[in-house]
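These notes concern the structure reproduced below.
The values are calculated or read from the model by the stated rules, or taken from the named source; none is laboratory data. As the structure is a prediction and not an experimental result, all values here were calculated from the model. Quick reminder, even Gly has a Cβ in these numbers, built from the backbone with ideal geometry, and neighbours come from all protein chains shown. Accessible surface areas use protein heavy atoms only, side chains included; no ligands, DNA or RNA. Shrake-Rupley method; radii C 1.70, N 1.55, O 1.52, S 1.80 Å.
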Amino acid sequence: MKYPVLIRKENIISNYSLSVVDLPGCNVEAESVDEGLNKLKKAVDEHLEILAEYGEVIPSAKLIDDHMKQHENVIWAILDIDIIPYLGKSQKINVTLPELLIKKIDARVNKSADHKTRSGFIASVCLNELSKD
């Protein structure tokens, strides 16, 4: 999932404040944006682990355009988080799909660094579709 990151320059000399607006409590401060993104990735992973441990729903990411209506004069970045590990134990299911569709899925997976497996691709597409509710 691609979470928008709000970045604010806290003062002229140094320090940035970074937060994932869609995950309340996921905020960090850092001397550089790169350092902040690394710290924020760790904070988000820890936050999602806690949500998964308590069986809570993983919040969906909204579009940067939606957040821009509420936050002006800030910088935006994207933090790409693989939320699949936080959705619970994997279960094997039997799914029947047309051969041509399977070939298209496999071709996409082979070309993309975002998806390592057919199952990962299908899970990602399903999560994207389910987040529209």
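Over the chain, Cα pairs under 8 Å with separation of 6+ residues give a relative contact order of 24 percent. Exactly which chymotrypsin sites (Phe, Trp or Tyr not before Pro) in region 13-98 are in a DSSP loop and have at most 15 other Cβ atoms within 10 Å? Loop-located and lightly packed - Y54. Protein heavy-atom accessible surface, 1.4 Å probe, per residue over the chain: 73 Å². Here the gap between S60 and I93, fully extended at 0.36 nm per residue and compared with their Cα-Cα distance, gives a gain of 9.4 nm.
Sparse packing (at most 14 other Cβ atoms within 10 Å of the Cβ) combined with a DSSP loop state is found for the following trypsin sites (Lys or Arg not before Pro) in region 26-72: K62, K69.
If you wrap the tightest convex hull around every Cα atom of region 16-65 and split its volume per residue, you get 69 Å³. Derived scalar couplings between HN and Hα for region 65-72 equal 4, 5, 5, 4, 5, 9, 10, 10 Hz in order, rounded to whole Hz, by the Karplus curve 6.51 cos²θ - 1.76 cosθ + 1.60 (θ = phi - 60°), x for Gly and Pro. Helices in the chain, meaning DSSP H runs of at least 4 residues, each add -39500 (n - 2.57). Divided by all residues, the mean residue ellipticity at 222 nm is -12500 deg cm²/dmol. Full extension of the chain segment joining E53 with E29 gains 6.0 nm, where the gain is 0.36 nm per residue of separation less the Cα-Cα distance. Starting from a Cα-only point model with no solvent, please compute log10 I(q)/I(0) by Debye for region 45-94 at q = 0.19, 0.21, 0.26 1/Å. The Cα Debye sum returns log10 ratios of -0.78, -0.85, -1.01.
Ignoring ligands, DNA and RNA, what percent of the 1.4 Å accessible area of region 1-98 is carbon and sulfur? Within region 1-98, the accessible surface is 51 percent carbon and sulfur. Full-extension gain between K9 and R118, please, as 0.36 nm times their residue separation minus the C-alpha to C-alpha distance. Difference between extended and current length: 35.2 nm. Candidate cross-link partners of K9 among the lysines, defined by an alpha-carbon separation under 20 Å and a same-chain spacing of 8 or more, comprise K39, K41, K69.
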